[in-house]
Amino acid sequence: MMKSFTNRFSLFQILLIALLAAMGIAVKSAAVPLTHIITGPLYIPGGTVAGGIYMLFPVLAASLTGKRGAALLCGFCQGILVFAIGMSGSHGILSIVSYSLTGLAIDLVMLVLRHRGCCLLCCFFGGMAANVTGTLIVSAVFFGMPPLGLALIASAGALSGSAGGALAWMVTKQLRKLGVVK
């Protein structure tokens, strides 16, 4: 099954997805501490706000390849990277699951909308779904937040994630204009 899944992608697309995954993890390591400066005093987890910044990379994977499963593959690569380089913290091997689920959320949104990262709408909602998914997984499973706290954190995650999705669309548009991708 894995062979048929990866056969959907050209070598260029697989390399692009891997590069986007690595860029997302690199950006995350810089973005989270910076957002903690703002979110810490407000008792908002920094990853909730920073998520919009680094969730744009799996949205970009879907948008730049135009293929179903690209965001899932990007999220899976991010999870492997985070685990392999020791950034998983207390999440351990479950990082692979949580990152994969954020990518899956993007792909599901695009499937429901019948889009493939082709417009602002699907990128906006893809980023929103990814960040809300990641925020809820981490907040509920690892931090054991109560329902009201989850609702508030999910709202912040939706706002940040949708902004990241919109940014991913703007990047895609510029790359298409420059002829870097179709």
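The values are calculated or read from the model by the stated rules, or taken from the named source; none is laboratory data. No experiment lies behind these values; they were computed from the predicted model shown. Cβ: placed from backbone, ideal geometry, glycine included. Neighbour counts: every protein chain shown.
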Self-check item: Residues being under 18 Å from the mean Cα position of the chain (by Cα) and in contact (Cβ under 8 Å) with a residue 60 or more places away in the chain - total across the stretch 126-180
Solution: 23
Quiz item: Taking the stretch 26-56 on its own, how many of its residues are in contact (Cβ under 8 Å) with a residue 24 or more places away in the chain, surrounded by fewer than 20 Cβ atoms within 10 Å (Cβ to Cβ) and aliphatic (A, V, I, L, M)?
Solution: 2
Practice problem: Of the conditions (1) touching an Asp or Glu at 6+ places or on another chain (Cβ under 8 Å); (2) over 16 Å from ILE137 (Cβ atoms), ALA71 clears all except one; give me its number. | Solution: (2)
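Kindly establish whether ILE106 is at pLDDT 90 or above and over 18 Å from THR65 (Cβ atoms).
Numbers: at pLDDT 90 or above: yes; over 18 Å from THR65 (Cβ atoms): no.
When the stated conditions are applied, ILE106 does not pass them.
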Quiz item: Are there any pairs with C-beta distances below 9 angstrom linking a residue in the stretch 95-116 that is farther than 14 Å from ALA129 by Cα to a residue that is of a type in the set (Gly, Ala, Ser) and outside any helix (DSSP H, G or I), with the two at least 6 apart or on different chains, and if so which?
Solution: SER95/SER88; ILE96/SER88; ARG116/GLY66
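Can we say TYR43 is modelled with pLDDT under 90 and within 26 Å of PHE5 (Cα to Cα)?
On the way: modelled with pLDDT under 90: yes; within 26 Å of PHE5 (Cα to Cα): no.
Here the answer is no, as TYR43 does not meet what is asked.
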Practice problem: Look at the stretch 106-164 and say how many of its residues are surrounded by fewer than 17 Cβ atoms within 10 Å (Cβ to Cβ) and within 17 Å of THR35 (Cβ to Cβ). | Solution: 4
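Test THR172 against the stated conditions and say whether it is under 22 Å from TYR43 (Cβ atoms), at pLDDT 95 or above, buried (at least 21 other Cβ atoms within 10 Å of the Cβ) and in contact with a Leu (Cβ under 7 Å, 6 or more places away or on another chain).
Values: under 22 Å from TYR43 (Cβ atoms): no; at pLDDT 95 or above: yes; buried (at least 21 other Cβ atoms within 10 Å of the Cβ): yes; in contact with a Leu (Cβ under 7 Å, 6 or more places away or on another chain): yes.
It is false that THR172 is under 22 Å from TYR43 (Cβ atoms), at pLDDT 95 or above, buried (at least 21 other Cβ atoms within 10 Å of the Cβ) and in contact with a Leu (Cβ under 7 Å, 6 or more places away or on another chain).
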Quiz item: How many of the residues in the stretch 10-25 are farther than 18 Å from SER98 by Cβ, of a type outside the set (Val, Ile, Thr) and part of a helix (DSSP H, G or I)?
Solution: 8
